[in-house]
Amino acid sequence: MSPVESPLRITGREFRLGGVAGWVAGISLALTLWVQTAPGLRGSPIDGESNVTQPIDTDPGEGDEAYAQAEHALATATDERTKLQAMAALVNLQRRRGDYTTGLAMAREGLEQARTLGDKRLEVEFLYLMGRMHWNLADYPRSIETHLEELKLVPALGDDALLARTHVALGLTYERFGNRDDARTHFDIALRLAQTAGDQRQLASILNSLGNYFLAEQDFPRARELHRQALSIREALGQRRAIADSLTNLGLVADAQGDSAQALVYLEQALAIYQPLKLRRYIANTHRRLATVMRGTSRTAEALTHLDQAYEIAVNLGSAEVLGAIYQEYAATHEARGQFADALAYERKLTASNEEMRGDQDRQRMSELRAHYNAEQRELEIALLRRDQDLKAGEIDRRRLQNLVLVIGLALGLVLFGAVLLLHRVRMRAQRRMQATTEHAREKAETAERLKSRLLMMASHDLKVPLAALNATAELVGRSSSDAPIVQRLADIMRADTARLRSLVRDFLDAAAIEEGNLQLHTSEINLAALAQAAVDTLQPVASAKGQALVFLKPANELPLIEADADRLRQVFDNLLGNAIKFTPAGGRIEVAFGEAGGWAFAEVRDNGPGLGPAEFAKIFAPPARLTPDTSKQGDSSGLGLVIARELLTLQGGRLEVQSHPGSGAVFRVLLPVAQPAATV
């Protein structure tokens, strides 16, 4: 399976490394998934959407006029609840326009204000919008987490239509996440709820999502029937944009069945609706889809005309995603016409567009970091101001009391005695404040001590087993010194245990170096297959000891060289192979396979162990937690192997992908860019 075909990717936001390095790794992996699931040459279906702020019989569009009206509504809101409702409408428009950075920041602000106001319905609305924007960014684990939090609140509102919308969102996310069984379950629940609630608008959206589900399953008759039902409902409701969405999806079904003529009819009808609504993103995408169908019927000249129209619109959208899909179709169309130089030029533009998307993702994540940092700084400043105010107030009270004591002391001795008592009380207050400050400092020191103890416990737990094994082996060597074969075997065991100790120590040192940003790389051109085979040869005795088959599948064709640090890349393979050996039961099989796709060379470590579920994905890259299957209790490790492996690949321009289902083993895929040939003078 090539990187593009993989049905499952893991994003990096929920799998944190320590410090900023973890955020950067998350950005890289999340962008990888988003780019790989972006619309391809045939075009992806239009998933069901819910506009939480507009009546069902109107469609405000997503143009500048609608956006200006939403901003005006927010600026003129007269009370807190109305302001939050206007804010939700504006966030929804920002999502539909692709402004996810601004939308997420405003949604988080609205969520906090809704919680402060105690309005559960508004809290649900902002959680829904945040979950959908994480979906748009292909951050599926965080999207699932957000929608599950939403699902806890919705039942208390007693609104079946709202509950159906939440299940639809979860279904869409699980489907993109590769968990199609859970996606179907949520779609079916949503369908029953919408039918019970009698919400025709929500019912049409669910039918649309189910139609796309069966389109992906290649059950074209069922997909066509569901989209026709959704279209019928939307026509009765007068939802113009939604009608165009259904027509687009029917066009994609017809194209998938090879009925290009009918596909063109549906897509042209959709375009005729989008144009007066001034939905520029939808218009550009529809022109691109028309070009795709025409290319399939060898009408390449007309296809280029549609692509030119799509490009004229998309170039002003500021969306690298839309432009990237158009560049991809340009390249395919020119290739079909035999114009390979033009096709190559558009492939380069596609690469540049993908790099721009990577930059947008980086900026969005760094904006999140800045927002969190600023929030923490504001809280710290508020705490410092309050402390200063308390100290100043105490100082003023003390001076006033001293002056009062001085005046009264000159007049009456009795009053002086009372003043002394009052001064004593002030001193006691100051002493209590000092004790409180000291206690706070002591608590912080104890916290640091507990953290240090935790690290020492990890180190002692992970190191004691190989140390004990070394000691026992040394004793056996001493008793068997005259038996050369036994001494040789014991020496091999000692070398293996020593290697494990070095690996554990290296994991601790590397984790510290990565956290501090001091990790150094020395790259060169490397043969990926040869390096992986060396790692397989080294760990072959360990696998044999567990009764496992560790198989090296030689690539059918010689792989191109990659640019990487050989020692660090070998460390990645040692960690992945060691992990597979640890989790695969006795008698299991572990394979190392290779491939090349789209300027990347990759190696896959496959096992038939217990596999991973969604719960494990949420923790797989979060040190120092371990996985939940019972087999994870076998062996010793620092709990940092996968974290370090992914970070090392990220620092070398590569990435680590995971594919797994419970009971079906796991595939860890190492991807690295192919080394570019040196420029000639």
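The values are calculated or read from the model by the stated rules, or taken from the named source; none is laboratory data. Remember, predicted model here, so these are calculated numbers, not experimental data. Heads up, the Cβs are rebuilt from the backbone with ideal geometry, glycines too, and the neighbour counts pull from every protein chain shown.
When Ala161, Ala156 are checked against the criterion of being in contact (Cβ under 8 Å) with a residue 24 or more places away in the chain, assigned to a helix (DSSP H, G or I) and either in contact with a strand residue (DSSP E or B) (Cβ under 8 Å, 6 or more places away or on another chain) or closer than 19 Å to Leu203 by Cα (or both), Ala161 stands alone in meeting it.
For the stretch 540-579: of the residues being β-branched (Val, Ile, Thr) and assigned to a helix (DSSP H, G or I), which is modelled with the lowest pLDDT? Among residues in the stretch 540-579 that are β-branched (Val, Ile, Thr) and assigned to a helix (DSSP H, G or I), the one modelled with the lowest pLDDT is Val542.
Considering each residue of the stretch 152-165 in turn, at least one proves to be under 30 Å from Ser319 (Cα atoms) and modelled with pLDDT under 95.
Might you check whether a residue that is closer than 21 Å to Met106 by Cα and under 14 Å from the mean Cα position of the chain (by Cα) occurs anywhere in the stretch 156-174? Spell out how you get there, then give the answer.
In the first step, residues of the stretch 156-174 are kept if they are closer than 21 Å to Met106 by Cα; the result is 166, 169.
Keeping just the survivors that are under 14 Å from the mean Cα position of the chain (by Cα) gives none.
Scanning the stretch 156-174 turns up no residue that is closer than 21 Å to Met106 by Cα and under 14 Å from the mean Cα position of the chain (by Cα).
Of the residues Asp64, Asp99, Asp47, Asp59, only one is at pLDDT 80 or above and not assigned by TED's automatic domain parsing to the domain that holds Thr333; which?
Working: Asp64 fails: at pLDDT 80 or above; Asp47 fails: at pLDDT 80 or above; Asp59 fails: at pLDDT 80 or above.
That would be Asp99, the only listed residue that is at pLDDT 80 or above and not assigned by TED's automatic domain parsing to the domain that holds Thr333.
Of the residues Arg224, Arg295, Arg289, Arg234, the single one that is assigned by TED's automatic domain parsing to the domain that holds Gln339 and under 30 Å from His167 (Cα atoms) is Arg289. Considering the conditions (1) surrounded by fewer than 17 Cβ atoms within 10 Å (Cβ to Cβ); (2) farther than 25 Å from Asp565 by Cβ; (3) at pLDDT 85 or above, Gly653 is excluded by exactly one of them, (2). Quick check: anything in the stretch 73-95 within 22 Å of the chain's Cα centre (by Cα), at pLDDT 80 or above and either β-branched (Val, Ile, Thr) or assigned to a loop (DSSP other than H, G, I, E, B) (or both)? Scanning the stretch 73-95, I find at least one residue that is within 22 Å of the chain's Cα centre (by Cα), at pLDDT 80 or above and either β-branched (Val, Ile, Thr) or assigned to a loop (DSSP other than H, G, I, E, B) (or both), so the answer is yes. The single condition among (1) in contact with a helix residue (DSSP H, G or I) (Cβ under 7 Å, 6 or more places away or on another chain); (2) more than 20 Å from Pro662 (Cβ to Cβ); (3) surrounded by fewer than 23 Cβ atoms within 10 Å (Cβ to Cβ) that Pro585 does not meet is (2). Just one of the listed residues (Asp255, Asp245) is buried (at least 24 other Cβ atoms within 10 Å of the Cβ) and not small (Gly, Ala, Ser), and it is Asp245.
Just one of (1) surrounded by fewer than 16 Cβ atoms within 10 Å (Cβ to Cβ); (2) over 19 Å from Thr248 (Cβ atoms); (3) free of Cβ contacts under 8 Å to residues at least 12 places away in the same chain fails for Gln275. It is (2). Within this structure, Leu612 passes the test of being part of a loop (DSSP other than H, G, I, E, B) and among the hydrophobic types (A, V, I, L, M, F, W, C). For Tyr327, the conditions (1) free of Cβ contacts under 8 Å to residues at least 40 places away in the same chain; (2) of a type outside the set (Lys, Arg); (3) surrounded by fewer than 21 Cβ atoms within 10 Å (Cβ to Cβ); (4) touching a Lys or Arg at 6+ places or on another chain (Cβ under 7 Å) are fulfilled apart from (3).
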